[in-house]
Amino acid sequence: MAPTVPSAAKSASPSQPSGKSEVADLKQQLRQLAGSRAPDADDQRRDVFKRVISCMTAGIDVSAAFGEMVLCSATSDVVTKKMCYLYVGVHARAHPDLALLTINFLQRDCRDQDPTIRGLALRSLCSLRVRNLVEYLVTPLTTGLKDPSAYVRMIAAVGAAKLYHISATACIDADLPASLKALMLSDPDAQVVANCLHSLQEIWTLEAANSEAAAREIETLYSKPVVFYLLNKIKEFSEWAQCLVLELASKFLPSDNNEIFDIMNLLEDRLQHANGAVVLSTIKVFLHLTMSMTDVHQQVYERIKAPLLTLVGAGSPEQSYAVLCHLHLLVMRAPMLFSSDYKSFYCQFSDPSYVKKLKLEMLTAIANESNTYEIVTELCEYAGNVDVPIARESIRAVGKIALQQYDVNAIVDRLLQFLEMDKDFVTAETLVLVKDLLRKYPQWSHDCIAVVGNISSKNIQEPKGKAALIWMLGEYSQDMHDAPYVLESLVENWDEEHSPEVRLHLLTAVMKCFFKRPPETQKALGATLAAGLSDTHQDVHDRALFYYRLLQYDPAVAERVVNPPKQAVSVFADTQSSEMKDRIFDEFNSLSVVYQKPSYMFTDKEHRGPFEYSEDLTNLTVGTEAQENVISAQRYQENDNDLLLSTSDKEDNGTRASNGSATSTYNAPSDLIGSSLISSQTPAETSLINTGGPTYSSQSNFSLDDLLGLGVTETPTPPPPPALTLNSKPVLDPGTFQRKWGQLALALTQVVSLQTTSSFSMHRKMGLLPSSL
């Protein structure tokens, strides 16, 4: 018995479209249903429309069925209408020539008795976004703004903004902004009012660049009658609309303090709203209105603290993070107001890493004399966290608190206890913090060095931790008995150290140790300079060459440069300037607070306003300042051209340098130092640059090389090449030229084999004979 063949008549599943054959089948079914008045015709249309939408969602091009879809749009089924409008809105933009077919049935549906169909048709008509069909949008929009149904008026208000983006002239000529304003101040439906406000703000903001009348209209939106009218109806608005109204209120300029208190009393209950966006928008209004009232502004901080802390613990992690970002901004402006609530920022086990990191920053910011012990105790518990990034951040937080001069004694003891933990990353982070503490509190050197001296450099793998240990070995080598020998062992493993940061610190540390304990460090210094001079990294090589020349010039000068008397660091540089923080505060309740940078740093150029954007994100330049920066850059380039010498100048300078000393191997090319650079140096610095060649003798050079064990031998200086002179008017007869040409050595010999052919055909191919022969 032959196997049964599966029937091909089975229709494909809506979730599994089959491509071109499926589209052809759909077109055929749509034609059959176009004029059908069967009782089940609406159900069949709905099923076919579902399959069309399924194909469109799967990425199959179903634009070929555009005409059939329009023919089947004559139905009273709302679900089928929605699918038809969705199809038309997607394909009308890609096929504007076919969009004209939809105008008739969309305009007809705009006059339908069902307000839902009228609203859907008007929304689809405005969503076509085809410039050639603008004339067909004005009348339905004008009629929609006067429709008895609030749903249609709501869609018409948004459609006016869509029309403006398609054709601003058509929107303004139809006087739609005036109709929107009148509807906003008179419509009883809150959502219609909100949509009118949104469209007016969008239209007038874009139009203000070209029209003074639009700029005046924007000012009317921020006037007292409009603002108070909207605030009195704020409870009727949706959450999105409330945020829109509150954003408008934050830009309102009250005429006296009574208006400020009236607005604050009116919005007092919005601080208890369950939606975090509404709470943050209300807080922004309170903060901006009271900026000029110092006492009231501080009371606002006290009032908004409880709602913010409630949102932190009562929402999703994403909401908690957004609220914490705003809290962090407020804490940076008024840390004392939140110091008593430090326990609210303790990390929970279930908190994501990004929330924990932000809480650690909060604890660092609010630490003071009254809560330092509790905060540091909590942070020390996080140091053993299984989450390594959080453990690192907790150790850094302890160090930052110590640098704020709060209970330094106990914090130093806690940090030194971290060094006893058998974890590489803990040791590395602690060493970096101990280095910073010693820079600010030198009086703690004896206690810290006693513990640091017991740490083996072989147990430290991270470059920054090893660099910090090397810095302490060089800075306090007089107090650490094994410092020269530890440094010598590190120098012996120079080639195994791949981090330039560690090698740079090692060069400086050995130099410092040499001036404090010369006999023990002499050999290590020679090996370090030799390794640095042969290093492939440019910075390491340059620093080693710099130290070598300093020692050649004068060891006393080298000691003053490398190991000068140091003062304690009072304040460490802040990552953000006060101007940057103020700009972020002005953009409260926006992504600027979450990103911790002003909006001009992460928005497109056309949305940045008057501020210029440069590669250096910390520079704010406006107008002429940007031009001055460009001019200064051009002047710098002009001056910089003085450093570029001609070939003959380089040869002359190289000759003078080579004649000045036999150890030219270690001398930087003097042609790299231009006259403009020398003129900007002090007399002492000019003597160190020494452009005309070294002033010391070769005997002193080799005594230093022998002392450091560099093993440099004198090499004879090669004679300069003979100068080549050219005659501008040479005279040479043919015979002499031929004789001189024959005296030249053979430069190139090349043998080429040719195919065997007659001389006649060869000449014809070479074009020596006319083709007519």
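So which of VAL134, VAL152 is open to solvent by less than 10 Å² (accessible area, probe 1.4 Å) and out of contact with any strand residue (DSSP E or B) (no Cβ under 9 Å at 6 or more places or on another chain)? Give the steps one after another, and end with the answer.
Working: VAL134 fails: open to solvent by less than 10 Å² (accessible area, probe 1.4 Å).
From the options VAL134, VAL152, the qualifying one is VAL152.
Considering only the range 98-106, I want to know if a residue exists there that is crowded, with 23+ Cβ neighbours inside 10 Å and assigned to a loop (DSSP other than H, G, I, E, B). There is no residue in the range 98-106 that is crowded, with 23+ Cβ neighbours inside 10 Å and assigned to a loop (DSSP other than H, G, I, E, B). With a requirement of 3 or more residues that are in contact with a Pro (Cβ under 6 Å, 6 or more places away or on another chain), none of the helices (runs of 4 or more DSSP H) lying completely within the range 372-479 satisfies it. Being buried (at least 17 other Cβ atoms within 10 Å of the Cβ), touching a residue at least 24 places away in the same chain (Cβ under 8 Å), touching a Pro at 6+ places or on another chain (Cβ under 9 Å) and assigned to a helix (DSSP H, G or I) is a property that does not hold for LEU487. Would it be correct to say that ARG503 is closer than 18 Å to ASP482 by Cβ, open to solvent by 20 Å² or more (accessible area, probe 1.4 Å) and not aromatic (Phe, Trp, Tyr)? Taking the combined requirement at face value, the residue does not satisfy it. Only one of the listed residues (LEU206, LEU221) is within 39 Å of the chain's Cα centre (by Cα), open to solvent by 40 Å² or more (accessible area, probe 1.4 Å) and of a type in the set (A, V, I, L, M). That residue is LEU206. Residue check: is ILE395 of a type in the set (Val, Ile, Thr), under 22 Å from HIS328 (Cβ atoms) and surrounded by 17 or more Cβ atoms within 10 Å (Cβ to Cβ)? Spelling it out, ILE395 is indeed of a type in the set (Val, Ile, Thr), under 22 Å from HIS328 (Cβ atoms) and surrounded by 17 or more Cβ atoms within 10 Å (Cβ to Cβ).
Scoring PRO140 on the criteria (1) in a helix (DSSP H, G or I); (2) within 20 Å of ASP175 (Cα to Cα); (3) open to solvent by 70 Å² or more (accessible area, probe 1.4 Å) leaves a single failure, condition (3). Taking the range 297-330 as the range and being open to solvent by less than 10 Å² (accessible area, probe 1.4 Å) and among the hydrophobic types (A, V, I, L, M, F, W, C) as the test, the residues that pass are VAL300, ILE304, LEU308, VAL323, LEU324, CYS325, LEU327, LEU330. Summed over the range 546-591, the residues that are touching a Pro at 6+ places or on another chain (Cβ under 8 Å), assigned to a helix (DSSP H, G or I) and of a type in the set (A, V, I, L, M, F, W, C) give a count of 2.
Quick check on this structure: which one of VAL376, VAL388 is in contact (Cβ under 8 Å) with a residue 24 or more places away in the chain, touching a helix residue (DSSP H, G or I) at 6+ places or on another chain (Cβ under 9 Å), closer than 20 Å to THR427 by Cβ and surrounded by 20 or more Cβ atoms within 10 Å (Cβ to Cβ)? Spell out the reasoning first.
Working: VAL388 fails: surrounded by 20 or more Cβ atoms within 10 Å (Cβ to Cβ).
Only one candidate qualifies: VAL376.
Could we say that ALA467 is under 26 Å from ARG392 (Cα atoms) and surrounded by fewer than 16 Cβ atoms within 10 Å (Cβ to Cβ) here? Judged against the criteria, ALA467 is not a match.
Of all residues being among the hydroxyl-bearing types (Ser, Thr, Tyr) and closer than 14 Å to TYR222 by Cβ in the range 238-264, which is surrounded by the fewest Cβ atoms within 10 Å (Cβ to Cβ)? Just the residue, please.
As a first pass, look at the range 238-264 and keep what is among the hydroxyl-bearing types (Ser, Thr, Tyr): 238, 250, 255.
Checking which are closer than 14 Å to TYR222 by Cβ leaves us with 250, 255.
Numbers: SER250: 19, SER255: 8.
Ranking the candidates gives SER255 first.
Right, ASP539: in a helix (DSSP H, G or I) and open to solvent by 50 Å² or more (accessible area, probe 1.4 Å) or not? The answer is yes for ASP539. The set of residues from the range 490-500 being touching a residue at least 24 places away in the same chain (Cβ under 8 Å) and under 21 Å from GLN522 (Cβ atoms) comprises LEU490, VAL491, GLU492, TRP494.
Only one of ALA194, ALA182 is in contact with a helix residue (DSSP H, G or I) (Cβ under 8 Å, 6 or more places away or on another chain), of a type in the set (A, V, I, L, M) and in a helix (DSSP H, G or I); which?
Values: ALA182 fails: in contact with a helix residue (DSSP H, G or I) (Cβ under 8 Å, 6 or more places away or on another chain).
After applying the criteria, what remains is ALA194.
Please determine whether any residue of the range 189-208 is over 19 Å from VAL226 (Cβ atoms) and in contact with a Cys (Cβ under 9 Å, 6 or more places away or on another chain). No, the range 189-208 contains no residue that is over 19 Å from VAL226 (Cβ atoms) and in contact with a Cys (Cβ under 9 Å, 6 or more places away or on another chain).
Which count do you get for residues in the range 19-30 that are in a helix (DSSP H, G or I) and loosely packed, with under 14 Cβ neighbours inside 10 Å? Walk me through how you get there before you give the answer.
Within the range 19-30, the first condition is being in a helix (DSSP H, G or I), and the residues that meet it are 20-30.
Restricting the remaining residues to those that are loosely packed, with under 14 Cβ neighbours inside 10 Å gives 20-21, 24, 28.
Total meeting the criteria: 4.
The values are calculated or read from the model by the stated rules, or taken from the named source; none is laboratory data. A quick note: this is a predicted structure, and the numbers were derived from the prediction, not measured. Ideal geometry is used to build each Cβ from the backbone, glycine not excepted, and the neighbour counts take in all protein chains shown. Ligands, DNA and RNA are excluded from the accessible area calculation, which covers all protein heavy atoms including side chains. Shrake-Rupley method; radii C 1.70, N 1.55, O 1.52, S 1.80 Å.
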